[in-house]
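Notes to accompany the following structure.
The values are calculated or read from the model by the stated rules, or taken from the named source; none is laboratory data. As the structure is a computational prediction, the values presented were derived from the model and not from experiment. Cβ placement follows ideal geometry from the backbone for every residue including glycine, while neighbour counts extend to all protein chains displayed.
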Amino acid sequence: MKVFIVGSGRLAHNLVNTFTQNGVEVGGIFARSLSKGKLLAQKYNVPFFVDITSIPVDCDVYFLAVSDNAIEVVSNKLKVSGLVVHCSGMMDTKLLQSHANCGVFWPVQSLNEEKLSDFKYVPICIESADDNNKRILEVLSDKISKTTLFVTQEQRNKLHLTAVMVNNFSNHLFHLANDFLEKNQLPFSVLFPLIEGTFEKIKDLHPREAQTGPAARKDHNTIEKQLALLAEDPKLQLIYKAFTESILQNTY
């Protein structure tokens, strides 16, 4: 199969990289940013198109690796007969309704341009109302990933919600913990083994079984002491209270 990539950001870089590494022909790249798009195309020795109307119509799948608010605009400008997909965890396939063949190809991963992901370990969520289109996307997914999930829009949206919780929220906690430790002349790196150990543990245990700490033990004395330590940081204290209350309300 031959694919085409619209975009030049983090997702586009990762898609071009993983497709070329796994024997999928990239028929070309189009991007709003001419400089970034050309650099990406040159890096992987694929054609770059400066005009969306000049995009070839003979590709099998067109990936809209663009921001959520640009999906519909780009889709409407794209005049092709192949399968057009967006890669969003939240946006509706109705944004692609100008195309007879459309769907979703969403990698469940936080992506980076500098450190490209090994898609072998990145789950791919597929959605399409047409069984043939599902099969096309499944074939592509199987070429690059060990895990393919067929999802409905509601399932995809809810999975994205939990991805935000476990990834973005946890990283924000790391940020807050890092700042708190720096104020107290302590290195955040001391927590790395603890963080890594928790992530390794929940691969084998249900997160409920892996839960530890004063709230899980109903150790109210330690909880009060730690709240006192956060007296000068009311925002962090509020977050601590919210998580502690949630853990206390569950049975561990």
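Each residue in region 137-162 was checked for being within 20 Å of MET90 (Cβ to Cβ) and not hydroxyl-bearing (Ser, Thr, Tyr), and 13 of them qualify. For region 47-84, the set of residues classified as part of a helix (DSSP H, G or I) and touching a residue at least 60 places away in the same chain (Cβ under 8 Å) consists of VAL74 only. The requirement of being touching a residue at least 12 places away in the same chain (Cβ under 8 Å), farther than 24 Å from LEU248 by Cα and not in a helix (DSSP H, G or I) is satisfied by SER117. Filter region 136-176 down to the residues that are farther than 15 Å from VAL3 by Cβ and basic (Lys, Arg), then identify the one that is surrounded by the most Cβ atoms within 10 Å (Cβ to Cβ). Looking at the filtered set, the residue picked out is ARG156. If the condition is being among the small types (Gly, Ala, Ser) and farther than 19 Å from ILE195 by Cα, then region 208-237 contributes ALA228, ALA231.
Here SER67, SER54 are screened, and the one residue that is in the same structural domain as LEU140 (by TED's automatic domain parsing) and either closer than 18 Å to LEU96 by Cβ or within 26 Å of the chain's Cα centre (by Cα) (or both) is SER67.
Here SER54, SER81 are screened, and the one residue that is under 16 Å from MET1 (Cβ atoms), out of contact with any Gly (no Cβ under 6 Å at 6 or more places or on another chain) and exposed (fewer than 13 other Cβ atoms within 10 Å of the Cβ) is SER81. Could you say which residue among LEU159, LEU149 is in a helix (DSSP H, G or I) and touching a Cys at 6+ places or on another chain (Cβ under 9 Å)? On inspection, the qualifying residue turns out to be LEU159.
Filtering region 20-40 for residues that are assigned to a loop (DSSP other than H, G, I, E, B) and out of contact with any Lys or Arg (no Cβ under 9 Å at 6 or more places or on another chain) leaves a non-empty set.
Which residues, taken from region 191-231, are closer than 23 Å to HIS175 by Cβ and in a loop (DSSP other than H, G, I, E, B)? The answer is ILE202, GLN211, THR212, GLY213, PRO214, ALA215, LEU230, ALA231. Checked against (1) of a type outside the set (S, T, N, Q); (2) surrounded by 11 or more Cβ atoms within 10 Å (Cβ to Cβ); (3) out of contact with any Phe, Trp or Tyr (no Cβ under 9 Å at 6 or more places or on another chain), ALA231 passes all but a single condition, namely (2). The set of residues in region 89-104 that are outside any strand (DSSP E or B) and touching a residue at least 24 places away in the same chain (Cβ under 8 Å) comprises GLY89, MET90, ASP92, THR93, LEU95, LEU96, HIS99, ASN101.
Every listed requirement among (1) over 23 Å from HIS160 (Cβ atoms); (2) touching a residue at least 12 places away in the same chain (Cβ under 8 Å); (3) part of a helix (DSSP H, G or I) is met by ASN133 save one, (1).
One residue stands out in region 113-128 among those that are among the hydroxyl-bearing types (Ser, Thr, Tyr) and under 14 Å from the mean Cα position of the chain (by Cα): the one that is surrounded by the fewest Cβ atoms within 10 Å (Cβ to Cβ), namely TYR121. Set side by side, the residues SER110, SER141, SER117 differ, and just one is in contact with a strand residue (DSSP E or B) (Cβ under 6 Å, 6 or more places away or on another chain), polar (S, T, N, Q) and either under 24 Å from SER170 (Cα atoms) or not assigned by TED's automatic domain parsing to the domain that holds THR162 (or both), which is SER141.
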